[in-house]
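The values are calculated or read from the model by the stated rules, or taken from the named source; none is laboratory data. Treat the numbers as computed from the prediction; the structure is a model and nothing was measured. Glycine gets a Cβ as well: all are built from the backbone with ideal geometry, and neighbour counts include every protein chain shown.
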Amino acid sequence: MNDFADHSDEELVKLLSESSESAFNELYERFWEPLFTKAYNFLREEDAARDAVQDVFIWLWQHRHSVHIDHVCAYLHQAVRFQALKILRERKHIVPLNDRLSDLTLRILEGDGLQYKELKILLHKTLCGLPADQRLIFILHREDGLTYLQIAAKLGISVKTVEKKMSRSLRVIRFGLKDALPAMLLAHFF
């Protein structure tokens, strides 16, 4: 049982200023989901929303001795809003790179259908090598477009479990495709 669940937000902040990890964990558990939703509403991307919330909590822990918070909920929501806006500002500089990568991908796909088919086969084999639950989560997210929250509700598991399994799937896929993608890029340019 969590001894901190009955504490008020303000009590938790006081305990946090005394370096209580348990108080920090309780604040995190209490506010993570609504903060994630707020960040997602700004960014429309789960990974970026997760990063925004994590950055706020990291900052909170790093400044736990010096931060003074009267209204925890309002403070955290405002901090996530600012972090999401910062990410949106940074994205303006990334868009041209994303456009260039999209153009390059399109040229590769149009230029050599055989390479595309080989890559698709390799991806399919890699996906088939995943455990069934990880593969299902990957497909629900990447192909069906469901959010982590929707997947968790549909499968009756926690959002954290969905995150972990998706992260593992992406790691396996990156490893499985790590040699194929550079070879395709080199073949395209030479």
* Asked: Residue check: is Leu76 in a helix (DSSP H, G or I) and modelled with pLDDT under 80?
  -> no
* Considering only residues that are more than 13 Å from the chain's Cα centre (by Cα) and among the basic types (Lys, Arg), look in the stretch 30-44 and name the one that is surrounded by the fewest Cβ atoms within 10 Å (Cβ to Cβ). => Arg30
* Taking Thr105, is it at pLDDT 80 or above, under 25 Å from Asp51 (Cβ atoms), of a type in the set (S, T, N, Q) and not assigned by TED's automatic domain parsing to the domain that holds Thr37? -> no
* To do: Say whether the condition of being under 30 Å from Trp59 (Cα atoms), of a type in the set (Asp, Glu) and either assigned by TED's automatic domain parsing to the domain that holds Arg30 or at pLDDT 85 or above (or both) is met by at least one residue in the stretch 120-138.
  => no
